[in-house]
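First comes the structure, then the notes that go with it.
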Amino acid sequence: MADLGAESPERLAAFEARIAAGEKIEPGDWMPEAYRHQLVRMISQHAHSEVVGMLPEGAWIPRAPSLRRKLILLAKVQDEAGHGQYLYHAAETLGVHRDELIAALLEGRAKYSSVFNYPPLTWADVGMIGWLVDGAAIKNQVMLAQCSYGPYSRAMVRICAEETFHHKQGKEMVLTYARGTAHQRAMAQDALDRWWWPSLMMLGPHDSDSPNTPQLVRWGVKTKTNDQVRQEFVDEHAPELLEVGLEVPDPELRFDPADGHWHHGPIDWDEFWAVVRGDGPLNAERLEARRRAFEEGRWVREAIAAHAARREATA
Amino acid sequence: MSAAPGRPSGDGPRWEVFKQDAAGKPHQAVGSVHAADAEHALLMARSVHARRPAAVSLWVAPADAVLSVTAEQLAAAGDEGAAPAHGDTEGAPQRYLVFRKSSHRRAITFVDHVGEVTAVGPWAALRAAIVAFPEPPALAWWIVPSERVSASPDYEAAAWFEPARAKTYKQQSAYGTTAPTRRRRQG
């Protein structure tokens, strides 16, 4: 098979013309090294976020208040595990191996979504995570479903189809509390007070602090900027939260009839960067839980490999 | 070129997974799993790729058994790719499953199973497939030796795939919370 060739202005122009024409780039097609590198970075961070994202909610499975809620939460956490698998698959089509990516996570060299370093303190938090955290994730993932790289796009289409139920079940739970007793309303408000800002932050730094964005948009990896996706999230969720009688913890939040958008106050980026750097409330605990799970699964992996080897030897 | 790096890992080598949604529909590439052997790969595929309807059958094949070629790669290979001996060592004829993708439309799956050819090697099989399945023009081809493909057992189909249908709480339609505003206006 002919070498598809090194980078040149002509190759780059042909590649960008394919993307401009709406074509998907598939494994084996020529791509600039920077495109491949950015995709591996984004997809692996996304995969890690799905896997670490199982931890906050997984802790609540034994304490779910009803069998129905337990079934729902089990299915949701199982979905997050599956979504991590779809995404590691997409990353592997770019020539990296899942083992390398997981090693980077366990050794603290990889990033994952900052929002999972906050603690869910009450059952109302589980609902608020579904409504806001999954709501924010879906806005991002609907955008990424348009991605120019085929395997990432397909993983996103599938994940979006599955995650709409995560968003709905959380919203249903919060609405039940918001319309419930005074104590339940207070729990919903408390959860909103703690999850609103982390949900806004999880959509990433301001466009002005996101140096990769212009190139990612040019190459169709992202089709919107962080601030555009954040605006979509606020426009959908702020009025619905207010509608059910909850108070959004942002004194500057207001609707501007002139532009039709809800405008939020300043985000505490110092907090965001501190959590990204590893100084969030639960960064150390999250990584420790992943390392423990990896070690506790070691004998299973070894047993499966030994069984397969013996079967092959006796076949 | 193989579809993916297939080197063994702590979780075993990589297996491509193909899912069939209903009888009469093609098996479609949905992603991959890591597993120690074919039986393990099918169990992993069931957990990862058939948590929801619809599925009636799964196939798995080792990723390093897949010849994956895009239209762009074929064009770049030109005459070289068309040469009778290109890419193959001589061997006895064997059956190859042919998969192809023919649209850039938004999709949840990659290549679809379209049929099979008999050839002395995967490149010869690809050339035969291009002749046998010309329309619509393919954007990507996968050629997989039939003997490397393992299928989910028919007698397990009900146990593997039916329970997902009853889990309606995994569907967004099970939740009546579309928009508080809309509900109030309707009420």
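The values are calculated or read from the model by the stated rules, or taken from the named source; none is laboratory data. Not measured: the values here are computed from a predicted model. Cβ: placed from backbone, ideal geometry, glycine included. Neighbour counts: every protein chain shown. Surface areas here come from the heavy atoms of the whole protein model, side chains and all, with no ligands, DNA or RNA. Shrake-Rupley method; radii C 1.70, N 1.55, O 1.52, S 1.80 Å.
Below is a table of values for the structure above.
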{"read-out": "Residue match in the stretch A:247-258 (condition: under 29 Å from A:P32 (Cβ atoms) and not aromatic (F, W, Y))", "value": "no"}
{"read-out": "Subset of the stretch B:18-48 (residues that are at the interface with chain A (Cβ under 8 Å from one of its Cβ atoms) and in a helix (DSSP H, G or I))", "value": "B:H40, B:S47, B:V48"}
{"read-out": "Meets criteria (of a type outside the set (S, T, N, Q), at the interface with another protein chain (Cβ under 10 Å from one of its Cβ atoms) and surrounded by fewer than 22 Cβ atoms within 10 Å (Cβ to Cβ)) for A:R18", "value": "yes"}
{"read-out": "Residue that is among the aliphatic types (A, V, I, L, M), in contact with a His (Cβ under 8 Å, 6 or more places away or on another chain) and open to solvent by 20 Å² or more (accessible area, probe 1.4 Å), where the choices are A:L242, A:L200, A:L253, A:L282", "value": "A:L253"}
{"read-out": "Index of the failed condition, A:R277 passing every other in (1) surrounded by 13 or more Cβ atoms within 10 Å (Cβ to Cβ); (2) not in a loop (DSSP other than H, G, I, E, B)", "value": "(1)"}
{"read-out": "Any chance A:V142 is within 12 Å of another protein chain (Cβ to nearest Cβ), open to solvent by 30 Å² or more (accessible area, probe 1.4 Å), out of contact with any Pro (no Cβ under 9 Å at 6 or more places or on another chain) and touching a residue at least 12 places away in the same chain (Cβ under 8 Å)", "value": "yes"}
{"read-out": "Hits in the stretch A:54-78 (condition: surrounded by fewer than 22 Cβ atoms within 10 Å (Cβ to Cβ) and within 9 Å of another protein chain (Cβ to nearest Cβ))", "value": "A:R68, A:L71, A:A75, A:Q78"}
{"read-out": "Filtered residues of the stretch B:94-107 (kept if modelled with pLDDT of 95 or more and within 11 Å of another protein chain (Cβ to nearest Cβ))", "value": "B:K101"}
{"read-out": "Hits in the stretch A:80-109 - residues which are facing chain B (nearest Cβ under 7 Å) and either in a helix (DSSP H, G or I) or among the aliphatic types (A, V, I, L, M) (or both)", "value": "A:G82, A:Q85, A:Y86, A:H89, A:E92, A:R98, A:D99"}
{"read-out": "Residues satisfying the stated conditions in the stretch A:21-44, i.e. assigned to a helix (DSSP H, G or I), within 14 Å of chain B (Cβ to nearest Cβ) and open to solvent by 50 Å² or more (accessible area, probe 1.4 Å)", "value": "A:R36"}
{"read-out": "Residue under evaluation A:L121, criteria (1) under 21 Å from A:P62 (Cα atoms); (2) in a helix (DSSP H, G or I); (3) open to solvent by 20 Å² or more (accessible area, probe 1.4 Å); (4) away from chain B (no Cβ under 14 Å), criterion not met", "value": "(2)"}
{"read-out": "Among the residues listed as B:L126, B:L74, the single one being open to solvent by less than 30 Å² (accessible area, probe 1.4 Å), assigned to a helix (DSSP H, G or I) and either within 14 Å of another protein chain (Cβ to nearest Cβ) or not hydroxyl-bearing (S, T, Y) (or both)", "value": "B:L126"}
{"read-out": "Residues that are in contact (Cβ under 8 Å) with a residue 40 or more places away in the chain and either open to solvent by 30 Å² or more (accessible area, probe 1.4 Å) or not basic (K, R) (or both), drawn from the stretch B:92-107", "value": "B:Q94, B:R95, B:Y96, B:L97, B:V98, B:F99"}
{"read-out": "Selection count, the stretch A:163-183, where residues are facing chain B (nearest Cβ under 8 Å) and open to solvent by 10 Å² or more (accessible area, probe 1.4 Å)", "value": "4"}
{"read-out": "A:A47 vs. criteria more than 10 Å from chain B (Cβ to nearest Cβ), open to solvent by less than 10 Å² (accessible area, probe 1.4 Å) and closer than 20 Å to B:V33 by Cβ", "value": "yes"}
{"read-out": "Filtered residues of the stretch A:280-315 (kept if in a loop (DSSP other than H, G, I, E, B), within 14 Å of chain B (Cβ to nearest Cβ) and not aliphatic (A, V, I, L, M))", "value": "A:G297"}
{"read-out": "Tally of residues being crowded, with 21+ Cβ neighbours inside 10 Å and within 13 Å of A:S199 (Cα to Cα) across the stretch A:209-228", "value": "0"}
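Here's the yes/no breakdown for (1) out of contact with any Leu (no Cβ under 6 Å at 6 or more places or on another chain); (2) more than 13 Å from chain A (Cβ to nearest Cβ); (3) of a type in the set (S, T, N, Q); (4) not in a loop (DSSP other than H, G, I, E, B):
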position: B:D64; (1), (2), (3), (4): yes, no, no, yes
position: B:T89; (1), (2), (3), (4): yes, yes, yes, no
position: B:A92; (1), (2), (3), (4): yes, yes, no, no
position: B:F110; (1), (2), (3), (4): yes, no, no, no
position: B:V117; (1), (2), (3), (4): yes, yes, no, yes
position: B:V144; (1), (2), (3), (4): no, yes, no, yes
position: B:W160; (1), (2), (3), (4): yes, yes, no, yes
